[in-house]
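All remarks here apply to the structure that follows.
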Amino acid sequence: MIIKGGKIVTGTESYIADIKIEDGIIKCIGDELSALPGEEITDAKGLLVLPGAIDAHTHFDMPCGDIKTSDDFYYGTRAAVAGGTDIMVQIHEKDRRWKNLKCLLDITYLDRELRYITEDEENIYIGSLATHTDIENSAVIKENLLFLGVASSTVGSPQIRNRGTIGGSIGNAFPASDPLPALIAADARVRLLGPEGERELLLKELYEGKGKLGLKRGELIREFRIKKLPEGSVTGFSKLGMRKALAISRLNCAAALTFDKEGRITEARISPGCIFITPDRVERAEKLLTGEKPSEELFEAAGRAVSEVMIERTGIRWSTEYKKPAVEEIVFRALCTAAGMEV
Ligand SMILES: Cc1cc2nc3c(=O)[nH]c(=O)nc-3n(C[C@H](O)[C@H](O)[C@H](O)COP(=O)(O)OP(=O)(O)OC[C@H]3O[C@@H](n4cnc5c(N)ncnc54)[C@H](O)[C@@H]3O)c2cc1C
């Protein structure tokens, strides 16, 4: 069964449904339904695709297969779909995490509510349905968070960037997400929307383990809020993939540096991707830079500090021999890019 395009299609009948945010809760309104001539189920292989509803207030009092209560939508039986660039591939490849999936919620219906990039004096706000292309092209991002725009511009291909969203990039809980290190370096906060209302936390606190987010039952990512970096900050992003295009990162790193008038670093932020169990900044390397003037030697030392912390946290593995110099280089490059030095 599919619910799509504002219609609920059962195979023999279809109904009008609607999705909206009301009282801070995402609702799928399906009670004023009018039966329309039947439509074939063609594209979801028996999966139910709902436009958005993902909370306890969702109720369908009409023939809707085995979906009777919102409980059916949790515990892996239902999931949100934004751009679909990850989840549709995972379903197609019979990924185990979706083995009980009955229903997909098409949240692109919340485009007007969740697709935006705005700013005020202190913060940047990015709605979860902003695509990588939106972020890459945004003047607000170019001015304030260049490394996030650059990271977004390296995601997949133009097609993937046009469909893939920042909410999906985080919702997927994939450690190799390219926008993730810039968000972590900038101490992004994430606003979540669920049946119990809204809550906001540091994005890094949302990660509970490898590939595991602490989203509560029925919660969606609504927005990322990022405090503007101090005046005089510069940023850099670097990525190591298997090939030059269409490559998901093996390693990546985002760095931000703030300088005083004498050209000394007053604040450094370094967030390497793919090396820790949950994403983080590396304080030891950041401290090493503070108070210093940029130089190749300094940035190499910061790279070594990051690889030391990696080994302390994750131990020596079969991949360490390759990963250690690669991490050092990727951190070095992100820092050089931020400082405007030749890489
Ligand atoms: C060929 C290819 C190349 C790629 N290359 C890259 C790359 O270079 N770099 C990179 O970082 N990624 C890459 N990706 C991964 C992918 O494109 C991105 O992660 C994308 O941003 C996912 O967004 P989406 O909207 O398509 O997510 P979807 O596939 O719609 O959803 C992904 C997951 O997030 C959940 N989700 C979606 N929106 C929300 C929300 N608002 N709240 C809570 N959960 C939500 C879904 O339930 C699902 O579990 C690539 C993918 C492909 C297929």
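The values are calculated or read from the model by the stated rules, or taken from the named source; none is laboratory data. Just so we're clear, the structure is a prediction, and the values are computed from it rather than from any experiment. Note: ideal-geometry Cβ built from the backbone for every residue, glycine included; neighbour counts use all protein chains shown.
Q159 meets the conditions (1) touching a Ser or Thr at 6+ places or on another chain (Cβ under 9 Å); (2) surrounded by 15 or more Cβ atoms within 10 Å (Cβ to Cβ) in every case but one. The failed one is (2).
Among the residues in the stretch 290-299, are any closer than 24 Å to G209 by Cα and surrounded by 14 or more Cβ atoms within 10 Å (Cβ to Cβ)? Checked the stretch 290-299: no residue is closer than 24 Å to G209 by Cα and surrounded by 14 or more Cβ atoms within 10 Å (Cβ to Cβ).
Those helices (runs of 4 or more DSSP H) of the stretch 273-343 in which at least 1 residues are in contact (Cβ under 8 Å) with a residue 60 or more places away in the chain, considering only elements entirely within it, cover 320-339. Within the stretch 88-144, being more than 21 Å from L213 (Cβ to Cβ), free of Cβ contacts under 8 Å to residues at least 60 places away in the same chain and in contact with a Lys or Arg (Cβ under 6 Å, 6 or more places away or on another chain) holds for one residue alone: T133.
Residues that are more than 9 Å from the ligand (Cβ to nearest atom): find the helices (runs of 4 or more DSSP H) completely inside the stretch 152-228 holding 3 or more of those. Show your work before the answer.
Details: elements: 158-163, 166-171, 179-185, 203-206.
The helices (runs of 4 or more DSSP H) meeting that bar are 179-185, 203-206.
Out of the residues in the stretch 182-218 meeting the condition of being of a type in the set (D, E, K, R) and touching a residue at least 40 places away in the same chain (Cβ under 8 Å), tell me which one is surrounded by the most Cβ atoms within 10 Å (Cβ to Cβ). Step through it out loud before you land on a result.
So in the stretch 182-218, the residues of a type in the set (D, E, K, R) come out as 187, 189, 191, 196, 198-200, 204-205, 208, 210, 212, 216-217.
Those left that are additionally touching a residue at least 40 places away in the same chain (Cβ under 8 Å): 187, 198, 204, 208, 210, 217.
On the way: D187: 15, E198: 13, K204: 19, E208: 13, K210: 10, R217: 15.
Per the criteria, the residue is K204.
How many residues are surrounded by fewer than 18 Cβ atoms within 10 Å (Cβ to Cβ), part of a strand (DSSP E or B) and charged (D, E, K, R) when one looks only at the stretch 82-118? Residues flagged as surrounded by fewer than 18 Cβ atoms within 10 Å (Cβ to Cβ), part of a strand (DSSP E or B) and charged (D, E, K, R) within the stretch 82-118 amount to 0. For the stretch 236-257, does any single residue satisfy the condition of being of a type in the set (S, T, N, Q), part of a strand (DSSP E or B) and farther than 16 Å from A151 by Cα? No, the stretch 236-257 contains no residue that is of a type in the set (S, T, N, Q), part of a strand (DSSP E or B) and farther than 16 Å from A151 by Cα. When the stretch 300-324 is filtered for residues that are surrounded by fewer than 11 Cβ atoms within 10 Å (Cβ to Cβ) and among the β-branched types (V, I, T), only I316 remains. Within the stretch 204-230, being more than 21 Å from I107 (Cα to Cα) and in contact with a helix residue (DSSP H, G or I) (Cβ under 6 Å, 6 or more places away or on another chain) holds for K204, K228. Of all the listed residues (A53, A130, A79, A139), the sole one being at pLDDT 80 or above, of a type in the set (G, A, S) and surrounded by 15 or more Cβ atoms within 10 Å (Cβ to Cβ) is A130. Scan the stretch 230-243 for residues that are under 19 Å from A334 (Cα atoms), surrounded by fewer than 22 Cβ atoms within 10 Å (Cβ to Cβ) and more than 10 Å from the ligand (Cβ to nearest atom) and the total you get is 7.
Kindly evaluate E283 against the criterion of being more than 26 Å from the chain's Cα centre (by Cα) and surrounded by fewer than 16 Cβ atoms within 10 Å (Cβ to Cβ).
Working: more than 26 Å from the chain's Cα centre (by Cα): no; surrounded by fewer than 16 Cβ atoms within 10 Å (Cβ to Cβ): yes.
Taking the combined requirement at face value, the residue does not satisfy it.
Tallying residues that are under 25 Å from R264 (Cβ atoms) and within 25 Å of the chain's Cα centre (by Cα) within the stretch 308-327 yields 1.
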